[in-house]
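Engineer: Here it is: the structure, laid out below.
The values are calculated or read from the model by the stated rules, or taken from the named source; none is laboratory data. Remember, predicted model here, so these are calculated numbers, not experimental data. Because the Cβ atoms are built from the backbone with ideal geometry, glycine has one as well, and the counts that use them run over all protein chains shown. The protein model used for the area step is the full one, side chains on, heavy atoms only, and it has no ligands, DNA or RNA in it. Shrake-Rupley method; radii C 1.70, N 1.55, O 1.52, S 1.80 Å.
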Amino acid sequence: MVKKLKVDCELNPFDLLSEEIIFDILDYLDDNPLDKKSFSLVCRALHTVESRHRKVLKPLRSELVIRSINRYPSVARLDLSSCPRISDDSLAAISNAYKSCLRSIDLSRSRFFSNAGISNLAVNCRFLVELDLSNATELTDSGAAAISKASNLEKLWLARCKLITDIGIARIAIGCRKLRLINLTWCLGVGDLGVDLVAVKCKQIRSLDLSYTTITNKCLPSILQLQYLEDLTLMGCLGIDDEGLATLEKGRTSLKTLNLTNCEYVTLWGLPYLTSRVACLSHLNLTNESIVTEAIANSLQNLPKLQSIKLDGCHVTCYGLEAIGNCCILLKELSLSKCSGVTDKGLSFLVKKQKELRKLDITCCRKITQISVDNVTKSCTSLTSLKMESCHLISKEAFTLIGERCHHLEEIDLTDTEVDDAGLMSITRCTELSSLRLGICYNLTDNGLVQVGKLCRKLVELDLYRSMGITDLSIATVASCCPKLEMINLAYCKDITDTSLVSLSRCSRLSVVEIRGCSSISSVGISTIALGCKRLTVLDVKKCYNIDDVGLLPLANFSRSLKQVNLSYCSITDVGLLALANIACLQSMTILHLNGLSVDGLVAALLACSGLRKVKLHASFKSLFPQPFLEHMESRGCVFQWRDKPFQDDVDPWGWRHTARMNANIMYLLDEV
């Protein structure tokens, strides 16, 4: 009897579950990667099951690639963007291990592989459908020929592959006829011939990005004949002009999204010809076009399905806005960021008919007042996103209208405005709010932010940059009432102390913490964040003078997911930096004006930090480093950014704001001229 009882006690309950059921359990653990790690450490059996379940893999260092593919045999999506050094041997091991299961691989930040490695991958992984080779600046037409062997490829990114020419693109077009997406941004060797061949051979193309290539008007007819094309990006294509648009014949395209940002030679004269030939268009981006007048706006009446229009940086006339209001009554997204010429009259007329508008961006529209806010909130009650940064003429009373009328808002940006506690309390009616940006809002105090914390419990992002009236009291309320908080920016909030960080340490999802310039914060606060926020990936403590090595030791031990850190002006020595270098995930480090560092200590720390991708250092170190050390770091994929900035003392916040606004107004007046 005793023996039987002992056997029953040793029985693992998971042995009674099928592998499919355990897979279903693992599917519920996708929110936090640490959960799956904990699951796999329970016992050897669960470790094996979790290995077989894993379909997405992202190694954090190049040396972990081989070990990872040996453990996880069923990976379908492999992201190597955190691995700067991937050799042909690594690609050979990957192609041999994942012959029948690999569907997608991202090599957008990797180097040191050759055409042979790509060829091996394309031939062996016959089910590969997605390949990202962006930033492969040494990839040539021979590499493109290797890519062409992946006959089942559906999505291909070649952004900034500047050595590939029309010949290479022609090889890809002939070999990869199932392509649905191709990105050729900054492929300076690609012109009309290569694009024409893509249009002829790859009939299934849905998305085509030709930004900053050397194409001209000649290839436009073949592009617009693509039957299934839905997304076309021609950003910065200086070879496209009005004359080419005027000669287009009506195509059979089902084009839905068109981006003509920075196409300097497409003007109000040529755009009507284009809009008359793409009647299915729903998203149009004309960012940085010269001027939007009534004539160009009237051409939009040819687009009855238009739902999104972006005119960022354009000069927009009042009549142009009124024409948009008359022609586009189904808009769901409108962006007028940094548009000069936007007035109360034009904007108020435009929004009166926009009952379906969901997203509105009027950032830096410096002429609008409370009149515009009144009409926007009265007409567009279904808004989910409202961005109105640096709208200085809007009075504080206007902000109460936002909360009174637009209850569905999920994203609000009121950076550098006159919003006060009354306006903020009104906004708390937006209970679905997830992103709130209140940087440089000097009229705010704890009274308003406390109410935000209590009533907006779905908050994920909170930006309080240089909002000087905020203290530990309101941060404690936000931390206790907003469990989903992932990002907080408290930079230069002078009254924030370690108490705030102790409160925030209870936010287990917190991943981005920016507290630069908070001189009252010390190593005690940083230690609590390290202990409580295990998902921390970005930490900015620049000019937190009281943070020293004692604060970095807990970070090194508990913040194992940290990827980016700014330690400039802190009281850090070689000891603290060496401890931090043990974080395997660390990729970016800014360490300016750290008086406690020695050259030898800095060299040792950088060598120990094997995953480092980018380091910002003072230029004085450049001549002190041994040349072999610099060459070794660069061979690992690490980029040094040298800065020659002198030591900067703290700036008076009120004077800083006055100077910033004065400079912005000067730039605005220059644009008007």
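Engineer: Considering the range 430-476 alone, what residues qualify as being small (Gly, Ala, Ser) and either outside any loop (DSSP other than H, G, I, E, B) or out of contact with any Ser or Thr (no Cβ under 8 Å at 6 or more places or on another chain) (or both)?
Structural biologist: Here is the first cut: in the range 430-476, the ones small (Gly, Ala, Ser) are 434-435, 439, 448, 453, 467, 469, 474, 476.
Residues satisfying the conditions are SER434, SER435, GLY448, GLY453, SER467, SER474, ALA476.
Engineer: Is it the case that the range 267-280 has a residue that's surrounded by fewer than 19 Cβ atoms within 10 Å (Cβ to Cβ) and within 30 Å of the chain's Cα centre (by Cα)?
Structural biologist: Yes, because at least one residue in the range 267-280 is surrounded by fewer than 19 Cβ atoms within 10 Å (Cβ to Cβ) and within 30 Å of the chain's Cα centre (by Cα).
Engineer: What's the number of the condition ASN259 fails, among (1) over 22 Å from THR293 (Cα atoms); (2) crowded, with 16+ Cβ neighbours inside 10 Å?
Structural biologist: Tallying (1) over 22 Å from THR293 (Cα atoms); (2) crowded, with 16+ Cβ neighbours inside 10 Å, ASN259 fails exactly one: (1).
Engineer: What's the total number of residues in the range 602-615 that are open to solvent by 10 Å² or more (accessible area, probe 1.4 Å) and free of Cβ contacts under 8 Å to residues at least 40 places away in the same chain?
Structural biologist: Filtering the range 602-615 for residues open to solvent by 10 Å² or more (accessible area, probe 1.4 Å) gives 603-604, 607-608, 610, 613-614.
Subsequent filtering for residues that are free of Cβ contacts under 8 Å to residues at least 40 places away in the same chain retains 603-604, 607-608, 614.
Here the count works out to 5.
Engineer: For SER467, indicate whether it is of a type in the set (Ser, Thr, Tyr) and either open to solvent by 10 Å² or more (accessible area, probe 1.4 Å) or in contact with a His (Cβ under 7 Å, 6 or more places away or on another chain) (or both). Spell out how you get there, then give the answer.
Structural biologist: Details: of a type in the set (Ser, Thr, Tyr): yes; either open to solvent by 10 Å² or more (accessible area, probe 1.4 Å) or in contact with a His (Cβ under 7 Å, 6 or more places away or on another chain) (or both): no.
When the stated conditions are applied, SER467 does not pass them.
Engineer: Is there a residue being within 21 Å of SER110 (Cβ to Cβ) and under 28 Å from the mean Cα position of the chain (by Cα) anywhere in the range 33-54? Walk me through how you get there before you give the answer.
Structural biologist: So in the range 33-54, the residues within 21 Å of SER110 (Cβ to Cβ) come out as 54.
Next, from what is left, pick out any that are under 28 Å from the mean Cα position of the chain (by Cα): 54.
Yes: the range 33-54 contains one or more residues that are within 21 Å of SER110 (Cβ to Cβ) and under 28 Å from the mean Cα position of the chain (by Cα).
Engineer: Among ILE329, ILE309, ILE324, which is closer than 22 Å to ASN375 by Cβ, within 32 Å of the chain's Cα centre (by Cα) and surrounded by fewer than 19 Cβ atoms within 10 Å (Cβ to Cβ)? Before you say what the answer is, go through the steps one by one.
Structural biologist: Working: ILE309 fails: surrounded by fewer than 19 Cβ atoms within 10 Å (Cβ to Cβ); ILE324 fails: surrounded by fewer than 19 Cβ atoms within 10 Å (Cβ to Cβ).
Answer to the selection: ILE329.
Engineer: Sort out which residues of the range 373-390 are touching a Ser or Thr at 6+ places or on another chain (Cβ under 6 Å) and either closer than 18 Å to ASP463 by Cα or crowded, with 22+ Cβ neighbours inside 10 Å (or both), and write them in order of number.
Structural biologist: We begin by selecting, within the range 373-390, every residue touching a Ser or Thr at 6+ places or on another chain (Cβ under 6 Å); these are 375, 387, 389.
Answer for the range 373-390, where residues must be touching a Ser or Thr at 6+ places or on another chain (Cβ under 6 Å) and either closer than 18 Å to ASP463 by Cα or crowded, with 22+ Cβ neighbours inside 10 Å (or both): LYS387, GLU389.
Engineer: For the subset of the range 180-205 comprising residues that are under 14 Å from LEU224 (Cβ atoms) and in a loop (DSSP other than H, G, I, E, B), which member is nearest to the chain's Cα centre (by Cα)?
Structural biologist: ILE205
Engineer: Out of LEU624, LEU607, LEU630, LEU602, I need the residue that is over 14 Å from ALA581 (Cα atoms) and in a helix (DSSP H, G or I). Which one?
Structural biologist: Values: LEU624 fails: in a helix (DSSP H, G or I); LEU607 fails: over 14 Å from ALA581 (Cα atoms); LEU602 fails: over 14 Å from ALA581 (Cα atoms).
None of the others qualify; the one that does is LEU630.
Engineer: Any residue that is farther than 21 Å from CYS518 by Cα, at pLDDT 90 or above, out of contact with any helix residue (DSSP H, G or I) (no Cβ under 8 Å at 6 or more places or on another chain) and surrounded by 14 or more Cβ atoms within 10 Å (Cβ to Cβ) - is there at least one of those in the range 574-594?
Structural biologist: yes
Engineer: Same structure, new question: Check off (1) farther than 29 Å from ARG613 by Cα; (2) modelled with pLDDT of 75 or more; (3) surrounded by 14 or more Cβ atoms within 10 Å (Cβ to Cβ) for ALA45 and give me the number that stays unchecked.
Structural biologist: That leaves (3) as the condition not met.
Engineer: May I pose another question? Answer yes or no as to whether LYS345 is more than 31 Å from the chain's Cα centre (by Cα) and either part of a helix (DSSP H, G or I) or not charged (D, E, K, R) (or both).
Structural biologist: Working: more than 31 Å from the chain's Cα centre (by Cα): yes; either part of a helix (DSSP H, G or I) or not charged (D, E, K, R) (or both): yes.
Taking the combined requirement at face value, the residue satisfies it.
Engineer: When the range 312-321 is examined, which residues are found to be open to solvent by less than 50 Å² (accessible area, probe 1.4 Å) and in a helix (DSSP H, G or I)?
Structural biologist: Kept after step one, since they are open to solvent by less than 50 Å² (accessible area, probe 1.4 Å), are these residues of the range 312-321: 312-314, 316-318, 320-321.
Those that are open to solvent by less than 50 Å² (accessible area, probe 1.4 Å) and in a helix (DSSP H, G or I): CYS318, GLY320, LEU321.
Engineer: Pairs only if they're at least six apart or on different chains, beta carbon under 6 angstrom, first in the range 564-586 and over 21 Å from TYR545 (Cβ atoms), second open to solvent by 30 Å² or more (accessible area, probe 1.4 Å); list them, first residue then second.
Structural biologist: Close Cβ pairs (under 6 Å, with a partner that is open to solvent by 30 Å² or more (accessible area, probe 1.4 Å)) amount to ALA581/ALA608; ALA584/LEU60; CYS585/LEU60; CYS585/SER561; CYS585/LYS563.
Engineer: Within the range 170-179, can you find the residues that are crowded, with 18+ Cβ neighbours inside 10 Å, of a type outside the set (A, V, I, L, M, F, W, C) and touching a Lys or Arg at 6+ places or on another chain (Cβ under 9 Å)?
Structural biologist: Listed by number, the list holds a single entry, GLY175.
Engineer: Contact list please: Cβ distance under 9 Å, first residue in the range 377-397 and among the acidic types (Asp, Glu), second residue open to solvent by less than 10 Å² (accessible area, probe 1.4 Å) and modelled with pLDDT of 95 or more, pairs at least six apart or on different chains.
Structural biologist: Here the result reads GLU389/ILE362; GLU389/LEU414; GLU389/THR417; GLU389/GLY439; GLU397/GLY423, each pair linking the range 377-397 to a residue that is open to solvent by less than 10 Å² (accessible area, probe 1.4 Å) and modelled with pLDDT of 95 or more.
Engineer: Restricting to the range 282-309, count the residues that are under 19 Å from LYS332 (Cβ atoms) and part of a loop (DSSP other than H, G, I, E, B).
Structural biologist: Matching residues across the range 282-309 total 8.
Engineer: Collect the residues in the range 490-517 that are more than 26 Å from the chain's Cα centre (by Cα) and closer than 21 Å to TYR442 by Cα, keeping them in residue-number order.
Structural biologist: If the condition is that a residue be more than 26 Å from the chain's Cα centre (by Cα) and closer than 21 Å to TYR442 by Cα, then LYS494, ASP495, ILE496, THR497, SER500 are the ones that fit.
Engineer: Would you pick out the residues in the range 391-429 that are part of a loop (DSSP other than H, G, I, E, B), open to solvent by less than 40 Å² (accessible area, probe 1.4 Å) and over 24 Å from SER340 (Cα atoms)?
Structural biologist: So in the range 391-429, the residues part of a loop (DSSP other than H, G, I, E, B) come out as 391-395, 406-410, 414-420, 428-429.
Adding the requirement that they be open to solvent by less than 40 Å² (accessible area, probe 1.4 Å) leaves 391-392, 394-395, 406, 409, 414-417, 419-420, 428.
If the condition is that a residue be part of a loop (DSSP other than H, G, I, E, B), open to solvent by less than 40 Å² (accessible area, probe 1.4 Å) and over 24 Å from SER340 (Cα atoms), then CYS406, LEU409, ASP420, THR428 are the ones that fit.
Engineer: Hey, another quick one. Give just the number: which of (1) more than 31 Å from the chain's Cα centre (by Cα); (2) surrounded by fewer than 21 Cβ atoms within 10 Å (Cβ to Cβ) does CYS219 not satisfy?
Structural biologist: (2)
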